[in-house]
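*Asks:* The structure that follows is given in the form of structure tokens.
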Amino acid sequence: MSEERNPVLIVAGEASGDLHAAKLVNELNAAGHLSFFGSAGEKMRAAGVDATVRADGLAIVGLLEIGRALPMFWGVYKKLIAEAERREAKRAILVDFPDFNMKLAKALKKRGLTVVYYISPQLWAWRKYRINTIRKYVDLVISILPFEKDWYAKNGVEHVEYVGNPLAMEVHADSSKEEFCNRHGLDPSKPIVSLLPGSRGAEISKILPLLIDTAEMMLSKQDDLQFVVALPAGKMSRKIAALDAIRWVENETFDALNASDAAAITSGTATLEAGIIGTPMAIVYKTSAVNYKLLRPLIDVEHFGLINLIAGKRVADELIQDDFTPKTLSAELFRLLDPDINADVRSELAAAVDKLGHGGASKRAAEAILRLVQN
């Protein structure tokens, strides 16, 4: 029998989930009577989570890619369940990572654990049928998007709490535009465009070459433009040959966005981060033809971009799959560089971001979990 006091299984599988889970654990640690183990990335481990599984290599995109990794995921799944049983855990917190965590929720609930889902699966976007799993096997859903609680209620799920978005007051540049420009040899008086190719290897390989081609096309028409390719930490090996007018930065995404007049951003959390910073953007995405053909019929949402979903309208243009070409993207970025249009878009972004709340989301999420624990 385990002698560990109040062990809680916590499971994240991607960089954004690792960040949010770490902040949540830090808030829960203040309660002083819980310990955490599970699937943990670097930030969760720094927050004191005992890593039964290191989550660093679990972020995989695409049905074919996931299919090839199924034996690995099956091993992780069995290991986490076995460790929960060994430690006699009574509670689990599942963070984002829905394709894995939705299956894990079912297995854990059947073993008698209380299951909390933090950062709700985006069921409103695709594969809505999975709401049955939430109804049966999740005791509390903690949402970070303002429209989700009403959506769940309309679909018969009442055990949902909206806590605000943890990014709302946490996304900010660490340096001014002038400091960023000085650091990277840019002229702050000339237009700057950031290019964000995503964080996953498969995304970067598909999207980055098109972004570089777009920059070269735009430079052929306006030679005073400056471009910054912003890559996540550890991804600089993806750097490819490009013109001298393109700067490459790693782990400086917020600073790059803050210094930019416009940006092209791979669909995902980064569109929300850019919205919070206030950078007018075009949202892009491209995957393999096979993946897109398989996934597109499952998607049931008016907008792909998170910032557009929160705004309730198309604040940022979306160029997805075949619509994403250097020609279409360059046209949209030139449009966003127009001073009047740029100012209008910044105003619309500010209005959308105001819906996210004004900080304290991680603390409110921790309080909701503690109320459940105490009950």
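*Asks:* Looking at the range 187-214 only, could you name the residues that are crowded, with 21+ Cβ neighbours inside 10 Å and closer than 16 Å to L257 by Cα?
*Replies:* Answer for the range 187-214, where residues must be crowded, with 21+ Cβ neighbours inside 10 Å and closer than 16 Å to L257 by Cα: I192, V193, S194, L195, L196, P197, G198, S199, L211.
*Asks:* Can you say whether L225 is within 27 Å of I341 (Cβ to Cβ) and crowded, with 18+ Cβ neighbours inside 10 Å, as far as the supplied structure shows?
*Replies:* So L225 passes the test.
*Asks:* List the residue pairs whose Cβ atoms are under 7 Å apart, where the first residue sits in the range 104-120 and is part of a strand (DSSP E or B), the second is modelled with pLDDT of 95 or more and among the charged types (D, E, K, R), and the two are 6 or more positions apart or on different chains.
*Replies:* Filtered contacts from the range 104-120: T114/K90; T114/R91; T114/D139; V115/K109; V115/D139; V116/D139.
*Asks:* Out of the range 53-83, which residues are in contact with a helix residue (DSSP H, G or I) (Cβ under 9 Å, 6 or more places away or on another chain) and modelled with pLDDT of 95 or more?
*Replies:* Correct list: L80, I81.
*Asks:* I'd like to verify a number: residues in the range 229-256 that are at pLDDT 80 or above and part of a helix (DSSP H, G or I), how many?
*Replies:* 5
*Asks:* Go through the residues of the range 316-333 one by one and say whether even a single one is among the basic types (K, R), assigned to a helix (DSSP H, G or I) and at pLDDT below 95.
*Replies:* no
*Asks:* In this structure, is L210 in contact with a strand residue (DSSP E or B) (Cβ under 8 Å, 6 or more places away or on another chain), in the same structural domain as A274 (by TED's automatic domain parsing) and in a helix (DSSP H, G or I)?
*Replies:* When the stated conditions are applied, L210 passes them.
*Asks:* Among the residues of the range 86-103, write down those that are surrounded by fewer than 24 Cβ atoms within 10 Å (Cβ to Cβ) and either of a type in the set (D, E) or part of a helix (DSSP H, G or I) (or both).
*Replies:* R86, E88, D96, P98, D99, F100, M102, K103
*Asks:* So in the range 316-360, with the set limited to residues that are touching a residue at least 12 places away in the same chain (Cβ under 8 Å) and under 15 Å from L145 (Cβ atoms), which one is surrounded by the fewest Cβ atoms within 10 Å (Cβ to Cβ)?
*Replies:* By that ranking, first place goes to K355.
*Asks:* Would you mind telling me which numbered condition in (1) at pLDDT 95 or above; (2) within 18 Å of A368 (Cα to Cα); (3) part of a helix (DSSP H, G or I) H20 fails?
*Replies:* Failed condition: (1).
*Asks:* Since A125 meets every condition but one in (1) at pLDDT 90 or above; (2) touching a strand residue (DSSP E or B) at 6+ places or on another chain (Cβ under 9 Å); (3) of a type in the set (A, V, I, L, M), which condition does it not meet?
*Replies:* Failing condition for A125: (1).
*Asks:* Would you pick out the residues in the range 216-228 that are part of a helix (DSSP H, G or I) and in contact with a strand residue (DSSP E or B) (Cβ under 9 Å, 6 or more places away or on another chain)?
*Replies:* Once the filter is applied, which keeps residues that are part of a helix (DSSP H, G or I) and in contact with a strand residue (DSSP E or B) (Cβ under 9 Å, 6 or more places away or on another chain), the range 216-228 yields E216, M218, L219.
The values are calculated or read from the model by the stated rules, or taken from the named source; none is laboratory data. Everything numeric here is computed off the predicted structure, so don't read it as measured data. Methodologically, a virtual Cβ is constructed for each residue, glycine included, from the backbone with ideal geometry; neighbour enumeration extends over all protein chains shown.
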